[in-house]
Amino acid sequence: QLSNKSIYALKEKWGKTEWWRLIVNKGTSSVENLIGKDVHESSRAEFEEYRISQEVPAYPNELSPQVNPLEANLIDLVSFTKGCYVGQEVIARLDTYNKVQKHLCGFKLTEVPQSVPAPIIRGQEEVGTVTSAVYSTSVGSVVGLGFLRMDALEPATSPLLAEGKIKLELR
């Protein structure tokens, strides 16, 4: 136990979405006082629905060593003025020369893929990957997150498909 404090709060921001993550010691009555006062206790499934519908990336689905911060829409979390750090030159070159290859996107899907990651196909070519998907009660449809190649963001005559049958559209 770090201290005798009963609640630790961490403010997080991803893109346009801000939230507080609370870590609470067992038996803390303070949490019960918060519930109902614009604080919602959520299950893991409810949190995932919220996260995906708000297009917030998470490890390991959207955040991993294979994804750079610019691809995951995290440019606000990258410092271009701080001193040296691992990956600084690579990120600076990608940004300067506009060489980002893929982009994290929000999707509306006709159904939840059987498993993720699921390839996204346009015509006969793989153009991306669905990394997270869930039925959203607030949106009233299946929503997902995934990466699309930059050239696949352009309007095209053929639809985007996951698992060869699930239609996707950008949100």
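Values quoted throughout were computed directly from the atomic coordinates according to the rules given, and no laboratory measurement underlies them. Keep in mind it's a predicted model, so treat the numbers as computed, not measured. Glycine gets a Cβ as well: all are built from the backbone with ideal geometry, and neighbour counts include every protein chain shown.
So for the chain, taking the charge dipole from beta-carbon charges (+1 Lys/Arg, -1 Asp/Glu), which of Val100, Val130, Pro117 sits furthest toward the positive end?
Val100
I need the calculated FRET efficiency for the pair Asp95 and Asn25, taking r as the beta carbon distance and R₀ as 35 Å, to the nearest 0.05.
0.25
Going down the table (Lys16/Lys102; Lys13/Lys165; Lys11/Lys167), which pairs top 24 Å between alpha carbons?
The pairs that break the limit, which is 24 Å between Cα atoms, are Lys13/Lys165; Lys11/Lys167.
Given a Förster radius of 22 Å and the C-beta distance between Ser79 and Met150 as r, what FRET efficiency does 1/(1 + (r/R0)^6) yield to the nearest 0.05?
About 0.40, to the nearest 0.05.
What is the helix-to-structure angle for 44-53, meaning the angle in degrees between its Cα long axis and the longest Cα principal axis of the chain, kept from 0 to 90 and rounded to the nearest 10?
50
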